[in-house]
Amino acid sequence: MSWPDRIVADPELLAGKPVIRGTRLAVEFILDLLAAGQSEADIVANYPGLAHEDVLACLADARHLAHEYKAYPLPV
């Protein structure tokens, strides 16, 4: 299963934020936990139903967004 199959956005769930399929865990929440220094093992242990592949899907989604974002400086 690829990351787009694991991450869904439903306007009826968490105001349309991307979440891990079958959960109410937002991608940004998982990324916040990782950025705060929590290990993947701790995150998976603390949230039943969350798998290693789900954490990787969150990272892949963030990577995709980073590649899609284009910022060009305005001429002075």
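The values are calculated or read from the model by the stated rules, or taken from the named source; none is laboratory data. Remember, it's a predicted structure, so these values are computed and weren't measured experimentally. A quick note on method: Cβ atoms are made from the backbone with ideal geometry, for glycine too, and the neighbour counts reach across all protein chains shown.
Report yes if some residue within the stretch 48-66 is out of contact with any Pro (no Cβ under 7 Å at 6 or more places or on another chain) and farther than 22 Å from residue 2 by Cβ; otherwise report no.
Yes, the conditions are met somewhere in the stretch 48-66.
Of everything in the stretch 1-24 that's closer than 14 Å to residue 61 by Cα and of a type in the set (A, V, I, L, M), which residue is surrounded by the fewest Cβ atoms within 10 Å (Cβ to Cβ)?
Across the stretch 1-24, the extreme among qualifying residues is 1.
If you take the residues of the stretch 25-50 that are modelled with pLDDT of 95 or more and of a type in the set (Gly, Ala, Ser), which of them is surrounded by the most Cβ atoms within 10 Å (Cβ to Cβ)?
26
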